[in-house]
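The values are calculated or read from the model by the stated rules, or taken from the named source; none is laboratory data. Values in this document were obtained by computation on a predicted structure and should not be read as measured data. Here the Cβ is made from the backbone with ideal geometry for all residues, glycine too, and neighbour counts use every protein chain on show.
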C-alpha cells in the first residue's frame, strides 16, 4: 500500500480518551478486520478541499476534521488493504497515493492528480460526527 499515516497519534489519543477536554470532530473508525486507508473531501469557504491518507487498523479511529464541524456534508473515500473493498460514491475529488491536501476539485488529471469517487456523509448539522467503516 502506498499510503501514509497523517494523524495516528491524534486518533490514538481520541480513542483512548487521553486527549484532554472533549472536542467536536469528524472521526472515522475502522470496524473491519483489515487495514483501511481513508481520505476526506469538504468545502472550505468557496473552495473544495481533499485530504488523505489516514491508515487505520482494526478498531483504530482518526480525527480527520478537528474542531466543530462547519459543514453539513463531508465526503469520504476508503480503500481496504486487500484492494477488494472500497467506500466510494459519485462525488469526485482529486487525490494521490501519498499524503495530500489538494485545493479544488476540477481538472484533477491536468494538475497531476488522480480523480475518484467519494461518498457523501450527512452529519445532520452536528458539531461532531463519527463514521464507522464496516463491510
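With respect to the numbered conditions (1) in a strand (DSSP E or B); (2) under 15 Å from residue 36 (Cα atoms), which one is the sole condition not fulfilled by residue 94?
The failed condition is (2).
Can you name the number of the only condition in (1) crowded, with 19+ Cβ neighbours inside 10 Å; (2) out of contact with any strand residue (DSSP E or B) (no Cβ under 6 Å at 6 or more places or on another chain) that residue 97 fails?
(1)
Evaluate segment 91-114: report whether one residue or more is closer than 22 Å to residue 135 by Cα, at pLDDT below 95 and out of contact with any helix residue (DSSP H, G or I) (no Cβ under 7 Å at 6 or more places or on another chain).
no
Hand me the list of strands (runs of 3 or more DSSP E) wholly inside segment 1-73 holding 1 or more residues that are within 14 Å of the chain's Cα centre (by Cα), modelled with pLDDT of 95 or more and within 20 Å of residue 104 (Cα to Cα).
Numbers: elements: 25-30, 36-44, 47-56, 61-66.
Counting at least 1 such residues, we get 36-44, 47-56, 61-66.
Which count do you get for residues in segment 76-86 that are surrounded by fewer than 20 Cβ atoms within 10 Å (Cβ to Cβ), in contact (Cβ under 8 Å) with a residue 40 or more places away in the chain and touching a strand residue (DSSP E or B) at 6+ places or on another chain (Cβ under 8 Å)?
Step one: of segment 76-86, the residues surrounded by fewer than 20 Cβ atoms within 10 Å (Cβ to Cβ) are 80-86.
Those left that are additionally in contact (Cβ under 8 Å) with a residue 40 or more places away in the chain: 80-82, 85.
Checking the rest, the ones that are also touching a strand residue (DSSP E or B) at 6+ places or on another chain (Cβ under 8 Å) come to 80-81, 85.
Result for segment 76-86: 3.
How many of the residues in segment 100-113 are surrounded by fewer than 14 Cβ atoms within 10 Å (Cβ to Cβ) and more than 16 Å from the chain's Cα centre (by Cα)? Working first, answer last.
Step one: list which residues in segment 100-113 are surrounded by fewer than 14 Cβ atoms within 10 Å (Cβ to Cβ), which gives 101, 103, 106-107, 109-112.
Still in the running and more than 16 Å from the chain's Cα centre (by Cα): 106-107, 109-112.
Result for segment 100-113: 6.
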